[in-house]
There are 2 protein chains.
Amino acid sequence: MHTTTSMARLDPASLDAADPLAPYRERFLLPEGVIYLDGNSLGPASHAALDAVDQAAQSEWAQGLIRSWNTAGWFDMPMAAGRLIARLVGAADGQVAVCDSVTINLYKVLQAAMALRPGRRTIVAEASSFPTDLYIAQGVVANIQGARLRLAGRDAETLEELIDEDTAVVLVNHVDYRSGALRDMVGLTAKAHAAGALAIWDLCHSAGALAVELDACEADFAVGCTYKYLNCGPGAPAFVYAAARHHAQLRQPLSGWWGHARPFEFETDYAPATGIKAFLTGTPPVLSLRALMGALADWNDVDMDQLREKSVRLTQYFMDLVEDRCAAHGLVSITPRDPGARGSQVSLRFEHAYPAMQALIAKGLIGDFRAPDVMRFGFTPLYISFSDVARAVEILKEVLDTELWRDEAYAAKAAVT
Amino acid sequence: MHTTTSMARLDPASLDAADPLAPYRERFLLPEGVIYLDGNSLGPASHAALDAVDQAAQSEWAQGLIRSWNTAGWFDMPMAAGRLIARLVGAADGQVAVCDSVTINLYKVLQAAMALRPGRRTIVAEASSFPTDLYIAQGVVANIQGARLRLAGRDAETLEELIDEDTAVVLVNHVDYRSGALRDMVGLTAKAHAAGALAIWDLCHSAGALAVELDACEADFAVGCTYKYLNCGPGAPAFVYAAARHHAQLRQPLSGWWGHARPFEFETDYAPATGIKAFLTGTPPVLSLRALMGALADWNDVDMDQLREKSVRLTQYFMDLVEDRCAAHGLVSITPRDPGARGSQVSLRFEHAYPAMQALIAKGLIGDFRAPDVMRFGFTPLYISFSDVARAVEILKEVLDTELWRDEAYAAKAAVT
């Protein structure tokens, strides 16, 4: 068992004063009176992101019109955005592009990986994966004769038990969206490779939360979200990574004109572009992509080791304060105590999690609920302070002490929970 | 041969004065000194669209944060946008959704159609289709044993010759992107059905250009672009249509969580939503989708018959003026003279089309070039006037008379042509 000295007695103002990332907070717009611990679901707007959208809409679109494909660099944005993300996920040049959604990119990488392992028919994943990963894997296996999806947590206890000589692909969520548990990228990738399989990593809850090292871990493919920790805007396009060693054989069936070697020759037959560009499909949503470009500029000077260190301390501080201040209320953390085994969120199980989260939001503390009984809090080092954490736990304590969650106003479920 | 009285001698100011759609122009921002005949490639910004983006970025994202999924209606946008488009393409409720790109939606409808015709292995299309249609069809057939793509213009002269008892799907571009020729939706759909095949219509160059009648024509599936004639913003998400009679059997492999019957139950197994919603995949690009919602509001009071009538007259006026004013220059129109056989563009073949188009753009007339030798001009009834057309032909005449296209400044090819 991992033990650390509790941070519960530390003064938040002193912690903030010593925080080298504190100045980044000014880059973001955060509403008055809100403590935002849901950046793991939708990151906030930065001034740079909003300025970029405004420029794209008012000037590039309205004034530049069709000319902006060239003059404003629209055409190169998917690759330019990929270059900005590459550093954050430990990828050398030419391996990352921004396009489509995580869901669509999962389909591409699963299809590409299956094509690279033609004799093998099994995709192995965790039942606890974010559901779209499983749904897309089901869509892929349904169209390949004899193919199947086997799940840790259903067909066996662990991923390792399921990896065998029929395994084509091991698909892993780097950080579990519900518990915040961080999977071992080096170890699991090595196990997949030892069995002759490929490893696909879903970085939705790790990109921008910690220094991902795709190349160093020898990952084969990866996908990731840009609208969570990367703060690129609601529903911003996703990224996709393919290791350079696979580029010569890349083949995926979403063979759209943006992934063509010569899109403006308007040829009759598809010929894939070289490298990761073959994963592009159709015309990207430029306004959303411009917001993303603006938001990514905020990351260029971020020290990812400092980011991770602060993330570990923010999450520990929260866990220690909850234990210290809310001990009477039966909260059970499902997030690993070992800092090396968690991402940048803390998930608390509570019988009345749904109305309790609604009450917290009404009190100005925004986290989120995940069925059936999890209150989830994300800690994002660029704009969350230790004072925010201390204040958040006081609000949590108040809601629990007063049983505010019993108020019927907090019972009604919204469309998006 | 279709004959009409030439409009070349008509006074543009009088034509504008009698135009019932003239007041719509005020809704759009058009740069000073530009005649924009490229709305068939990228429509201009309207005030409503720009206001919607600004609201989405500054207020919904920056202030509302995660709460805006419910409070700003983000979650319902794909279906709400589909409801707004339905009227414009002749679809009864519940058959249209807005999601992903045309390319991705083509993949879904082709897969769904192939699944509905399990014994059949052939997709029939035209070699002159917009290339991404062909590339995606190639991606689909590559993954289905024995499947093949047969093309009119390559494997036979006409679509009709290729439709036989092995045809699963006939995929047709309603308006040809290069020539502007309008295909017969009633007739071709009936021919596909008579052979036991399904008909998929690509409406990229007809939606917003004329009154499409998907239900009345008994189309099976359709896809379409929103950033051309619908003016929804650069790379705005596309729409997809599936006839209600197919909804009970809809099956497509891009089975993401947004197409799940209960996305926020986070179930392990995919279960498709009812109806067209099963075509949704992942989280949509909200900022781009908001622009689209704003832009679609501009369409709510548009009389589609008036739109078509003006479109026919704008294109005829242009063709008549070109014949009258530019006869010496060897331009060859590849757009049908019969108004019932063309969409809302005119395409002129010219040996020096690329530098000539660059020269026109430099003179303030924006059209576009399509390889190898086509100058393409789009006529969009909501914001183009007859005076614009007359002025455009004068600019064209000047560029041709002075051979301005010989200037070496216009020879260099840009990334996007």
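Every read-out reported here was derived from the displayed coordinates using simple, explicitly stated rules and does not represent laboratory data. Predicted model, so just to flag it, every value in this text is computed and none were measured. Virtual Cβ from ideal backbone geometry, glycine too; neighbours counted across all protein chains shown.
For the stretch A:172-317, the extents of the C-alpha atoms along the principal axes are 59, 43, 27 Å, listed from largest to smallest. Between amide H atoms placed 1.01 Å from N, distances below 5 Å from A:LEU365 occur with A:ILE35, all of them 5 or more places distant or on a separate chain. Calculated mean residue ellipticity at 222 nm for the protein assembly as shown: -9500 deg cm²/dmol, from DSSP H runs with n ≥ 4 weighted as -39500 (n - 2.57), summed, divided by the residue count and rounded to 500.
Using the Cβ of B:LYS191 as centre and a radius below 12 Å, the other residues enclosed give a net charge of -4, where K and R count +1 and D and E count -1. Ascending distances from the A:GLU265 label point to its copies in the other chains, with the point 7 Å along the Cα-to-beta-carbon line: 5.0 nm.
Amide H to amide H distances under 5 Å link A:ARG150 with A:ILE123, A:VAL124, A:ALA125, where only residues 5 or more positions off or on other chains count and H is placed in the peptide plane.
Against the main long axis of the alpha-carbon atoms of chain B, helix B:131-142 sits at an angle near 30°. Backbone phi angles across the stretch B:170-187, fed through the Karplus curve with coefficients 6.51, -1.76 and 1.60 (θ = phi - 60°), yield HN-Hα couplings of 10, 10, 10, 7, 4, 10, 5, 5, 8, 8, x, 5, 9, 8, 7, 5, 4, x Hz in residue order; Gly and Pro are listed as x. In the stretch A:51-297, a dipole from Cβ-located charges (positive for Lys and Arg, negative for Asp and Glu) runs towards its positive end, and of A:ILE200, A:GLY256, A:LEU292 it is A:GLY256 whose Cα lies farthest in that direction. Against the empirical curve 2.2 N^0.38 Å, the C-alpha radius of gyration of chain A lands at a ratio of 1.01.
For A:LEU210, the shell of other residues with beta-carbons less than 11 Å away shows a net charge of 0, using +1 for Lys and Arg and -1 for Asp and Glu.
Calculate the mean, over all residues of peptide B:231-240, of how many other protein chain Cβ atoms lie within 10 angstrom of the residue's Cβ.
Going residue by residue through B:231-240 and averaging, the value is 5.
Every Cα-Cα pair of the stretch A:51-297 was included, and the share exceeding 32 Å stands at 20 percent. Sorted from nearest, the other copies put their A:HIS47 label points 3.0 nm away, the label point being 7 Å from Cα in the direction of Cβ. Remark on B:LEU198: its backbone amide H falls under 5 Å from those of B:VAL169, B:VAL170, a criterion applied only to residues 5 or more positions apart or on other chains, H modelled at 1.01 Å from N. Helix A:353-362 axis versus longest C-alpha principal axis of chain A: approximately 80°, rounded to the nearest ten.
So what does the Cα-only Debye profile of the stretch A:94-211 read at q = 0.19 Å⁻¹, as log10 I(q)/I(0), no solvent term? Debye output, listed in q order: -1.03. For B:LYS413, the aspartates and glutamates whose Cα falls under 13 Å of its own Cα, not counting residues fewer than eight places away in the same chain, are A:GLU265, B:ASP368.
Cβ screening of chain A for cysteine pairs under 4.7 Å finds these without a partner: A:CYS99, A:CYS217, A:CYS232, A:CYS326.
A simple count of charges around A:PRO253, restricted to other residues whose Cβ falls under 13 Å of its Cβ and scoring Lys, Arg +1 and Asp, Glu -1, yields +3.
Where does each of A:222-234, A:203-215 land if you order them by average Cβ count within 10 Å, highest first? Show your work: numbers first, answer last.
Details: A:222-234: 29.5, A:203-215: 25.1.
Going from most to least packed, we get A:222-234, A:203-215.
Remark: label point of A:ILE334 defined 7 Å out from Cα along the Cα-Cβ vector; separations to the same position in other copies 5.9 nm, ascending. When only alpha carbons are used to place a centre, the stretch A:329-391 and the stretch B:129-174 end up 52 Å from one another.
Note on the protein assembly as shown: antiparallel DSSP beta bridges, both residues inside, total approximately 50 percent of the bridges counted.
Residue by residue along A:38-47, Cβ atoms of other protein chains within 10 Å of the local Cβ number 4 on average. The mean count of C-beta atoms from other chains within 10 Å of the C-beta of residues in B:285-297, rounded to a whole number, is 6. Based on the Kirkwood approach, the hydrodynamic radius assigned to the protein assembly as shown is 27.9 Å, with every pair of different Cα atoms included. Here the Kirkwood formula, the inverse mean of 1/r across different C-alpha pairs, assigns the stretch B:1-144 a hydrodynamic radius of 20.3 Å. How many angstrom lie between the C-alpha centres of the stretch A:38-92 and the stretch B:15-88? Their Cα centres are 20 Å away from one another.
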